[in-house]
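J.: Dumping the structure here so I can ask a few things about it.
The values are calculated or read from the model by the stated rules, or taken from the named source; none is laboratory data. Since this is a predicted model, take the numbers as computed values, not measurements. Neighbour counts are summed over all protein chains in view; Cβ atoms, including those assigned to glycine, are modelled from backbone coordinates with ideal geometry.
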Amino acid sequence: MTQQTSCTTADPGVVVGADGLGRPAWAAVDPLLRDYYDTEWGMPVTDERGVYERVSLEGFQAGLSWATILRKRPAFRAAFDDFDPDVIAAYTESDVDRLMADAGIVRNRQKIQAAITNARATIELRDDMGLADLVWSFRPETTPRPRTFAEIPTKSTESIALSKELRRRGFAFVGPTTMYALMEAIGIVDTHLLDSHRRGSSAVWTS
């Protein structure tokens with residue numbers, strides 16, 4: 001992503017914008033990504049529907065850019081009944097056909113079927129600890145402290161273990177890299193760059 005002329009590089013990882021705030025390059029230019037970074041990314045999500053939605057969207061993102069998914073998120077929410085697991089678990093083949101015909105979302109049959117499979121697995125987890133508590137149980141003892149984008153991991157021991165456990169529980173499209181992205185997005189780890197204005201803002205990790 002190219003930088004706007006109103007931004008200056010404070011260090012190899014952080015771009016300081018016209019507002020004086022430091023952000024990673026991926027969040028420094030596009031207004032949609034900047035707003036997502038400033039208000040949502042890395043903040044704790046601990047409710048079932050919220051975690052299920054993000055598991056679903058991270059699965060759809062595999063092989064694509066997050067910007068693509070973020071721009072399509074309103075259409076995804078409309079098409080998938082606001083990611084209500086109870087509703088999606090009852091989807092039939094006609095719903096799959098409906099979704100495959102919806103140009104507003106990512107029309108990938110395997111990913112659509114995975115979202116339905118994962119809704120059913122989410123309901124099954126209610127008899128145990130629940131999806132949100134299960135995912136958050138893989139929070140590590142420490143979080144990365146990156147100064148540059150290159151220092152941010154793409155997976156971890158915990159994301160590998162979470163992927164394995166979710167697969168055991170019947171989930172699909174939950175690979176270790178996808179699960180690490182989920183852990184970043186919902187605040188389980190804090191991979192904000194040290195010089196970013198968002199570092200430590202989740203209150204899960206304070207530095």
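J.: I'd like to know if segment 63-80 contains one or more residues that are modelled with pLDDT of 95 or more and under 21 Å from residue 189 (Cβ atoms).
T.: Yes, there is a match, as at least one residue in segment 63-80 is modelled with pLDDT of 95 or more and under 21 Å from residue 189 (Cβ atoms).
J.: Out of (1) of a type outside the set (D, E, K, R); (2) crowded, with 18+ Cβ neighbours inside 10 Å; (3) closer than 22 Å to residue 167 by Cβ, the odd one out for residue 96 is which?
T.: Failed condition: (2).
J.: Would you pick out the residues in segment 26-49 that are out of contact with any His (no Cβ under 9 Å at 6 or more places or on another chain) and under 14 Å from residue 204 (Cβ atoms)?
T.: The answer is 43, 44, 45, 46.
J.: Can you name every residue in segment 29-38 that is surrounded by fewer than 17 Cβ atoms within 10 Å (Cβ to Cβ) and outside any helix (DSSP H, G or I)?
T.: 30
J.: Tally up the residues in segment 171-207 that are closer than 19 Å to residue 67 by Cα and outside any loop (DSSP other than H, G, I, E, B), please.
T.: Of the residues in that region, 9 qualify.
J.: Being of a type in the set (Phe, Trp, Tyr), modelled with pLDDT of 90 or more and assigned to a loop (DSSP other than H, G, I, E, B) narrows it down to one residue among 26, 41; which is it?
T.: Exactly one of 26, 41 is of a type in the set (Phe, Trp, Tyr), modelled with pLDDT of 90 or more and assigned to a loop (DSSP other than H, G, I, E, B), namely 41.
J.: Where in segment 70-170 are the helices (runs of 4 or more DSSP H), entirely inside, with at least 3 residues that are of a type in the set (Asp, Glu)?
T.: The helices (runs of 4 or more DSSP H) meeting that bar are 93-100.
J.: Here's another thing I want to ask about it. With out of contact with any Leu (no Cβ under 9 Å at 6 or more places or on another chain), among the small types (Gly, Ala, Ser) and surrounded by fewer than 21 Cβ atoms within 10 Å (Cβ to Cβ) as the only criterion, which of 163, 202 stands out?
T.: Checking each option against the conditions leaves just 202.
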